[in-house]
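The values are calculated or read from the model by the stated rules, or taken from the named source; none is laboratory data. This one's a predicted model, so the numbers in the text were calculated from it and none came from an experiment. Methodologically, a virtual Cβ is constructed for each residue, glycine included, from the backbone with ideal geometry; neighbour enumeration extends over all protein chains shown.
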């Protein structure tokens, strides 16, 4: 029986086994053989320190940093980014710097499992609590004109994130241990931990790229947002359809965050963003100005106010169609759970999170979520309870799809909830958004836990201790993310401008409004644009699904095309530049992408995010 996880000091580490430093797939002809191999050759949980106080504190500090950067990036660009690899790099670099300055305080080098633990705390804080605040709570502010009180939003964020962690526990044995789904981010994080601890020679180029990216991006942000010495964008000269390019939003932004984000998103999505910007801002917008649909002296914000609706139609159609096409994932997940319950117990089961922990956690958190939805947001208790129950089944799909593709489909699942409650509670926008928040937060938190458990599984970590690290991270994330959200977005006027376009928030709000008032409340031009956008998104989504891999990469991404309707053209262009740069490096020197380009891109995002948050904080004093 494994010892109870704790924060007490553990014995000095011995050398990790060779398998825990190399294996990326646990061998075995049957699940039982794979379990036996993992327990014998990979498991390190009783030999190496893992859930230590210094690992938790280090992960918490980095979690606050990743929380700030993810919130800032989500409000500025839209997509959320997994922070597991970046958190591992930051934990290694921070502890290395501390050892150089105060060796007695820092102690011996981090073990692989301590680094894995710190990464899990930081990942839970930075990723699992940020997406719902950016999209759903941003939409709540847009719709209602006010924030929910802190006594509601703080426990709401923690309870839902923690509930997602508990929901994911029963899925771990099937998805991570038995099926060994790839969970690419989790696998990449394990490889990163190994390479960081193998030799300093491998770690230095990554850390240097991360530092350079953060420094350059931070200095540019300081010169632009604090000192006013750098313009926000350099507008392009010329015109389209008789409208100056500057009024259409075409320019070269000085935000390096968009370039870094584009490097992580890849060429296909960023090229689709640029194509969508050319279509909406370059072709459609001049016609709207000429036809008098938009004011003759209007600009970028008028275009975005109009294009929000076709963009939301495209994103919603694509998301719902993806959900329908991925219905098999739910069947596979459910069958896997049933077969797992029928399987005889294995020795490795003694290391898993006990069933009584899961039952007890859900028994406390589920009623707490229902009560907060009722007392804080006015959602009828039966409808809130149904949303909690529905979120478990949507977590099944979220974890399955994340494990297979590394793309967490929280947008799709959130819009399924919006559609469901549009029928159950018509004309109740607030209830629609609140129940959507339940789905988005739990699904993202569940998928994040399994990605981190994949990392720990490959490194030989104790699953119980990693679960506790993830649970601690959700508390750190809620405590950091909610005050930061209030700081970055003090009121409704902070959203919608060039600084924070808040694409995800406006898309979520628009879907709720349509479900509340119906499409009859939209102008004929918007209804027609929405219909064409929905049709185009459906065609592209089906093409992605049915075409072979070689042809699929030439199909524009419906996600990118829809998101382009919600962002200024200059932002889409910056994202495209990042995607082109990464593809150029991939073709010229493939090995440099993982070792230098990805850490550099993470640094560009983190540098602007941290300095941007600091500037806003100082200005609010």
Test set (1) in contact (Cβ under 8 Å) with a residue 60 or more places away in the chain; (2) buried (at least 24 other Cβ atoms within 10 Å of the Cβ) - residue 279 fails condition number
(2)
Sole miss for residue 194 among (1) within 30 Å of residue 50 (Cβ to Cβ); (2) free of Cβ contacts under 8 Å to residues at least 60 places away in the same chain; (3) surrounded by 17 or more Cβ atoms within 10 Å (Cβ to Cβ) is condition (2)
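Quick one: which of 555, 580, 546, 539 is out of contact with any helix residue (DSSP H, G or I) (no Cβ under 7 Å at 6 or more places or on another chain) and modelled with pLDDT of 85 or more?
On the way: 555 fails: out of contact with any helix residue (DSSP H, G or I) (no Cβ under 7 Å at 6 or more places or on another chain); 580 fails: out of contact with any helix residue (DSSP H, G or I) (no Cβ under 7 Å at 6 or more places or on another chain); 546 fails: modelled with pLDDT of 85 or more.
Testing whether each residue is out of contact with any helix residue (DSSP H, G or I) (no Cβ under 7 Å at 6 or more places or on another chain) and modelled with pLDDT of 85 or more leaves just 539.
What is the residue count in segment 472-495 for residues that are in a loop (DSSP other than H, G, I, E, B) and surrounded by 19 or more Cβ atoms within 10 Å (Cβ to Cβ)? Working first, answer last.
We begin by selecting, within segment 472-495, every residue in a loop (DSSP other than H, G, I, E, B); these are 489-491, 495.
Filter once more, so that each one left must be surrounded by 19 or more Cβ atoms within 10 Å (Cβ to Cβ): 489, 495.
Final tally of qualifying residues: 2.
Does at least one position in segment 257-267 carry a residue that is surrounded by fewer than 19 Cβ atoms within 10 Å (Cβ to Cβ), under 24 Å from residue 596 (Cα atoms) and modelled with pLDDT under 85? Before you say what the answer is, go through the steps one by one.
Narrowing segment 257-267 to residues surrounded by fewer than 19 Cβ atoms within 10 Å (Cβ to Cβ): 266.
When the remaining residues are screened for being under 24 Å from residue 596 (Cα atoms), the result is 266.
Now drop any that are not modelled with pLDDT under 85, which leaves 266.
Looking through segment 257-267, at least one residue is surrounded by fewer than 19 Cβ atoms within 10 Å (Cβ to Cβ), under 24 Å from residue 596 (Cα atoms) and modelled with pLDDT under 85.
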Got a sec? Which helices (runs of 4 or more DSSP H) wholly within segment 42-107 have at least 3 residues that are in contact (Cβ under 8 Å) with a residue 40 or more places away in the chain?
53-76, 84-101
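Looking at 591, 570, which is the one that is out of contact with any helix residue (DSSP H, G or I) (no Cβ under 6 Å at 6 or more places or on another chain) and closer than 20 Å to residue 496 by Cα?
Values: 591 fails: closer than 20 Å to residue 496 by Cα.
Of 591, 570, the one residue that is out of contact with any helix residue (DSSP H, G or I) (no Cβ under 6 Å at 6 or more places or on another chain) and closer than 20 Å to residue 496 by Cα is 570.
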If we keep just the residues of segment 223-251 that are assigned to a loop (DSSP other than H, G, I, E, B), on the phi < 0 side of the Ramachandran plot and in contact with a helix residue (DSSP H, G or I) (Cβ under 6 Å, 6 or more places away or on another chain), which is surrounded by the fewest Cβ atoms within 10 Å (Cβ to Cβ)?
229
